[in-house]
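Student: Next up is a structure, given as C-alpha cells.
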Ligand code: DC
C-alpha cells in the first residue's frame with residue numbers, strides 16, 4: 001500500500017480550494033491533484049462526442065478510457081490539461097463546463113471508473129488532493145483533511161470579480177443561480193455527496209483573508225504531518 005502522505009481539500013466551487021492548494025503546493029513542494037479538472041474533461045469529452053448525459057453506459061465507458069493527460073508547462077509554470085492531445089485547459093474552465101462536470105459526476109458508475117485513476121496520483125513526497133470527495137472517498141486515510149466553504153453570495157461575487165478582471169461581462173445573479181444549482185446537485189447526489197470528512201478542519205473562507213485561511217490550514221497540517 002502507498003504510504004506517502006496526502007492532504008485533502010474539499011468544498012463547494014469557488015470557496016478558494018484552488019488558491020489554498022496552490023499555496024500549500026508551493027510551501028510543501030508537493031503536486032496537486034485537481035480532481036474537478038478530471039470531471040470537467042469528462043463533461044467536455046461527452047459534449048464533444050454528443051454523448052447524452054443520461055447515457056450511463058457510454059459515459060462510464062468514456063470515463064474508463066478518458067484520454068486525459070496533465071502536462072506541466074515549464075513556460076507558464078502551470079499544468080496543461082490535454083484531452084486526446086488537445087489543450088483544453090481554458091475550455092474546461094467555463095461555467096458551462098462546470099455544470100457538465102457536475103452532471104456527469106452524479107453517476108455512480110462514472111465515479112467508480114475514475115476512482116483508481118485519482119488514487120494513482122498518490123506519490124512521494126506527498127499529494128494535495130482538491131475536490132469534493134477527496135477526504136471521504138478517494139483518500140479516506142489522508143493525513144490531514146480540510147473542508148473549505150464560503151457563502152454562495154461570496155463565491156458568486158468572487159467569480160464575478162475574476163471575470164470582470166479578465167474583461168468578461170457576467171451577470172452576478174446568473175452566477176449566483178449557477179453556483180446554487182451546482183451546490184444542490186453536488187450535495188444531494190447519492191454517491192460521494194459534498195460533505196466534510198469526519199474530523200476535517202472546516203474553514204469558512206468568507207470570514208477571513210487568503211493569508212488567514214492559509215495560516216489556519218498550514219498550522220493544522222503541520223500538526224498532523226509533524227512538519228516544522
Ligand atoms: O472543483 P470543480 O468546480 O472544478 O468541479 C467541477 C464539478 O466536478 C463539480 O461541480 C462536481 C464535480 N466534482 C466531483 O463530483 N468530485 C470531485 N472530487 C471533484 C469535482
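Student: Kindly state, as a whole number, the per residue volume in cubic angstrom of the convex hull around the alpha carbon atoms of the range 1-151.
Tutor: For the range 1-151, the hull spanned by Cα atoms encloses 117 Å³ per residue.
Student: Return the FRET efficiency for the residue pair residue 96, residue 173: r is the Cβ-Cβ distance, R0 is 22 Å, and the value is rounded to the nearest 0.05.
Tutor: That pair, residue 96 with residue 173, gives E of 0.80.
Student: Moving on to the next point. Quote to one decimal, in nm, the extra length available between residue 3 and residue 50 on full extension: 0.36 nm per residue of separation minus the C-alpha distance between them.
Tutor: Once the chain is fully extended between residue 3 and residue 50, it gains 12.9 nm.
Student: Using only the alpha carbons of the range 61-215, determine the length spanned along each of the three principal axes and report them from longest to shortest in whole angstroms.
Tutor: The Cα atoms of the range 61-215 stretch 40, 37, 34 Å along the principal axes, largest first.
Student: Expressed as a rounded percentage, what relative contact order does the range 154-228 have, with Cα pairs under 8 Å and six or more residues apart?
Tutor: 18 percent
Student: Kindly provide the helix-only [θ] at 222 nm of the chain, computed as the sum of -39,500 (n - 2.57) over DSSP H runs of four or more divided by all residues, to the nearest 500 deg cm²/dmol?
Tutor: Taken over the chain, the calculation gives -14500 deg cm²/dmol.
Student: Right, another one. If I model a spin label as a point 7 Å beyond the Cα along the Cα-Cβ vector, how far apart are those points for residue 195 and residue 151 in nm?
Tutor: 2.6 nm
Student: Follow-up question, since we're still on this one. Can you compute the FRET efficiency between residue 119 and residue 225 using 1/(1 + (r/R0)^6), with r the Cβ-Cβ distance and R0 = 25 Å? Round to the nearest 0.05.
Tutor: The formula returns an efficiency of 0.80 here.
Student: Just to be sure I understand: if I project the alpha-carbon convex hull of the range 1-59 onto a plane and average over all orientations, what area do I get in nm²?
Tutor: Projected area, direction-averaged: 6.2 nm².
Student: Let me ask something else. If you restrict to DSSP beta bridges whose two residues both lie in the chain, what percentage is antiparallel, to the nearest 5?
Tutor: Expressed as a percentage, antiparallel bridges in the chain total about 30.
Student: Quote the FRET efficiency, to the nearest 0.05, computed for residue 74 versus residue 163 with a Förster distance R0 of 25 Å and r equal to the Cβ-Cβ distance.
Tutor: That pair, residue 74 with residue 163, gives E of 0.35.
Student: Taking the Kirkwood radius as the inverse of the mean 1/r across Cα pairs, report the Rg/Rh of the range 132-228.
Tutor: 1.04
Student: Then there's this: Using Cα-Cα distances under 8 Å and only pairs 6 or more residues apart, what relative contact order does the range 83-225 have, in percent?
Tutor: Worked out over the range 83-225, it gives 30 percent.
Student: For the range 164-213, what does the alpha-carbon gyration tensor say about shape, rounded, prolate or oblate, given a ≥ b ≥ c as the root eigenvalues, a/c under 1.5 as rounded, and a/b over b/c as prolate?
Tutor: oblate
Student: Please state the shape class of the range 64-106: rounded when a/c is under 1.5, otherwise prolate if a/b exceeds b/c and oblate if not, all from the C-alpha gyration tensor.
Tutor: Note, shape of the range 64-106 comes out oblate.
Student: Taking a ≥ b ≥ c as the square roots of the eigenvalues of the Cα gyration tensor of the range 69-147, is the shape rounded (a/c under 1.5), prolate (a/b larger than b/c) or oblate?
Tutor: In terms of gyration-tensor shape, oblate.
All of the numbers you see were taken from the coordinates with simple rules; none came from a lab. Here the structure is a predicted model, which is why all the values come from computation and not from measurement. FYI the Cβ positions are ideal-geometry reconstructions off the backbone, even for glycines, and counts take in every protein chain you see.
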